[in-house]
Amino acid sequence: MDALYTLADLERDLARLQTRYADVIACREIGRSVEGRPLYAVRLGEGTRCMLLNASHHAREWATTWLAMALLWHYAHAYATDARWEGVPVRALLDRVALVVVPVVNPDGVELATRGPAAVGVPEAQLRTMLRRNGWDRFALWKANVRGVDLNRQYDADWSSLRQVVDGPAAAFYPGVRPATEPEVRAMIALTRTLRPCATLAYHTAGEEIYWYFGQTDEPLRRDRALAAGLARLTGYRLIPEDDRTAYGGGYTDWVIATFGIPAFTLEVGREPHPVDRRQFARIWRQNKEVPFYLMREVVRLG
Ligand SMILES: [Zn+2]
């Protein structure tokens, strides 16, 4: 079995999912990448409220696209068969809080990281220059989009205080000249503003850690700390302490917390080294299959 999960795998699985669960799945395009590849949002459930889950902001973290699709299959099956989990009817839950999944935020980057420079439109020499800014020698390690902008340092949340660790477009860490210059990020911002989700979940690799804090106080702080502790129990992942500022600002989760005041989490699945590949999928699945269910159920319970 191939160790990768590529965009071709995603397209095939999306088509199968829409065929198999045509009655319960709605897939639409929410925008296009720099090179014109479609960005999809897949909805499951009739809930007027929703939880928004996204994956692969970072190119080499394509294992999270596999995870997002595996979750959609599992939840669509439960919905279609009217299954109960822990005594909770899944369909009734999803008809209160729908699940909306963006399986790949950075499709151009995923193509580059999984298939190499010939798969994208930017000349290889330019890509190599950007790769060298990070001191890297393999496209499999690429995180940014094909313009060398790190999509998870592009959101308007303490953006100006981000440390500049590279001096121009690069395979990772370059935040751009200002927030939200990249079409992939603009699509995520527009989708989030339109949906007004009651919680969000951003999947990344690796480290088996949970980011949950971005300056909350009082009741939102207590609420999010309790939810994060629940996620930590469920997954076995480590909670990033509130005073840890190594990855703080500019991220999707940071922006959601700062803008909407809702519970938002970044889960770093898998263990180093990158890329996290299929050998870890069984472990990642075990740790994460109940994560959306837990959050949707808690959100309903919190009212
Ligand atoms: Zn990441």
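Highest-first packing order for the peptide set 217-223, 190-196 is 190-196, 217-223, based on the mean count of other beta carbon atoms within 10 Å. The length gained on full extension between residue 222 and residue 3, counted as 0.36 nm times the residue separation minus their Cα-Cα distance, comes to 74.8 nm. At an R0 of 35 angstrom, the distance between the Cβ atoms of residue 244 and residue 137 translates into a FRET efficiency of 0.75.
Extending 7 Å from Cα along the Cβ direction at residue 49 and again at residue 16 yields two label points whose distance is 3.4 nm. With contacts taken as Cα pairs under 8 Å at a separation of at least 6 residues, region 174-269 carries a relative contact order of 44 percent.
Applying 1/(1 + (r/R0)^6) with R0 = 41 Å to the Cβ-Cβ distance of residue 180 and residue 286 gives a FRET efficiency near 0.70.
Would you calculate the convex hull of the Cα atoms in the chain and tell me its volume per residue in Å³? Intermediate values should be presented prior to the final figure.
Working: hull volume 37.0 nm³, N = 303.
Spelled out: Cα convex hull of the chain, divided by residues, is 122 Å³.
Considering region 216-267 at the alpha-carbon level, its Rg and Dmax are found to be 10.9, 29 Å. Axis of helix 124-133 versus longest Cα principal axis of the chain: the two differ by about 80°, to the nearest ten degrees. Decide, for region 58-155, between rounded, prolate and oblate: order the square roots of the alpha carbon gyration tensor eigenvalues as a ≥ b ≥ c, take rounded if a/c falls under 1.5, and otherwise choose prolate if a/b is larger than b/c, else oblate. Prolate.
Do any GluC sites (Glu not before Pro) in region 158-254 lie in a loop, going by DSSP, with at most 13 other beta-carbon atoms within 10 Å of their beta carbon, and if so which?
Qualifying residues, ordered by number: 242.
Taking the longest Cα principal axis of the chain as reference, the axis of helix 291-302 is set at about 50 degrees.
By how many nm would the segment from residue 279 to residue 129 lengthen if fully extended, with 0.36 nm per residue of separation less the alpha-carbon distance?
Stretched fully, the residue 279-residue 129 segment lengthens by 50.9 nm.
In a simple Cβ point-charge model (Lys, Arg +1; Asp, Glu -1; nothing else charged), region 7-302 has a dipole of about 360 debye relative to its Cα centre.
Here, each number is a calculation from the coordinates, and none is a lab measurement. Computed from a prediction, not measured in an experiment: that's the story for all the values here. No Cβ is skipped: glycine too gets one built from the backbone with ideal geometry, and neighbour counts run over all protein chains shown.
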